[in-house]
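**Student:** The structure that follows is given in the form of structure tokens.
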Amino acid sequence: ADVRWHEQIGTDGLPGVNGGMQRGRVRYEFDTQDRGLIPQAGGHLIVEAGYLYHAVDSVNAPEFTTDFGLTHQVGKEIFFFGGDAGTMLGRKVAQPFRFTLGGPLRLAASGIDEYRGTDYFLLRPAMLRKVASLPAVLGQSIYVGGMYEVGQMRAADMRTVTRQDVFLGVVGETPLGVVTIGPALGDGGRYKLVFTLGKVF
């Protein structure tokens, strides 16, 4: 694949990247969640192993990632605990090929893909409470809830970054998917108004 990486807005002091890359991956996925939109019971586990090679400005690097989540309902409350992590074993790879954190549901109070590195983790406990049911034509249910996020990004050529934030908002199941809206408040004075369309867990 061809990669063209350069700044559009602002400056990060890093050179652009132009060239090719190749990557091979294998993936295992296990899912017992009871619903596709907002699960109320069950869990999921995704494990990937890969290898990045012949990538511009990068050494060959193994890649290991995992993503997991567990959901349990008690009365009107849905409790969730999940997270993900990845490592390239600290290998020196160019910015376009690194893992990222930042943005909705991935340290929501930070900018999208604000943090890039070769080793990371993210944990996300959350709770939702059902407050209303929608007519079938409009969707299923409306929830209010909150999520705490803590994550860390590392690489050999950068200082380790650890961030945490809290998201509070309204979540609705609609025919288009799960709609989420609310504020996210993070450490260091970071804050965002978050809107998402897609899965929450």
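**Student:** Based solely on C-alpha atoms, express the radius of gyration and the Dmax of the stretch 1-99 in angstrom.
**Tutor:** When restricted to Cα atoms, the stretch 1-99 yields Rg and Dmax of 18.4, 54 Å.
**Student:** Separate question: For the stretch 108-201, count all C-alpha to C-alpha pairs, find those more than 19 Å apart, and express that count as a whole percent of the total.
**Tutor:** Summing the P(r) tail past 19 Å for the stretch 108-201 gives 48 percent.
**Student:** Now, a different point. Starting at the first residue of the stretch 25-33, write each ³J(HN,Hα) from the Karplus equation 6.51 cos²θ - 1.76 cosθ + 1.60 with θ = phi - 60°, in whole Hz, x for Gly and Pro.
**Tutor:** Rounded to whole hertz, the list is 9, 10, 9, 10, 9, 10, 9, 10, 5.
**Student:** Any chance you could check the Cα centroid distance between the stretch 31-93 and the stretch 148-185 for me, in angstrom?
**Tutor:** Computed from Cα coordinates, the inter-centre distance equals 15 Å.
**Student:** Starting from the Kirkwood radius over alpha-carbon pairs of the stretch 57-118, derive D by Stokes-Einstein at 20 °C in a medium of 1.002 mPa s and give it in µm² s⁻¹.
**Tutor:** Rounded to a whole number, D works out at 156 µm²/s.
**Student:** Each residue of the stretch 143-151 in turn: what ³J(HN,Hα) in whole Hz from Karplus with 6.51, -1.76, 1.60 and θ = phi - 60°, glycine and Pro shown as x?
**Tutor:** In residue order, the calculated couplings are 10, 10, x, x, 9, 9, 10, 9, x Hz.
**Student:** Oh, and also: Sort the following peptides by mean Cβ neighbour count (other Cβ atoms within 10 Å, averaged over residues), highest first: 77-83, 117-123.
**Tutor:** With the highest mean Cβ count within 10 Å placed first, the list reads 117-123, 77-83.
**Student:** Can you work out the Karplus-derived ³J(HN,Hα) for every residue in the stretch 41-58? Use 6.51 cos²θ - 1.76 cosθ + 1.60 with θ = phi - 60°, whole Hz, and x for glycine or proline.
**Tutor:** 7, x, x, 9, 9, 10, 10, 10, 10, x, 8, 9, 8, 6, 9, 4, 6, 9
**Student:** How large is the convex hull of the C-alpha atoms of the chain per residue, in Å³?
**Tutor:** Dividing the Cα hull volume of the chain by its residue count gives 135 Å³.
Read-outs: derived from the displayed coordinates by stated rules, not from any lab. Because the structure is a prediction, the values reported are computed rather than measured. Cβ sites come from the backbone with ideal geometry, for glycine too, and all protein chains shown count toward neighbours.
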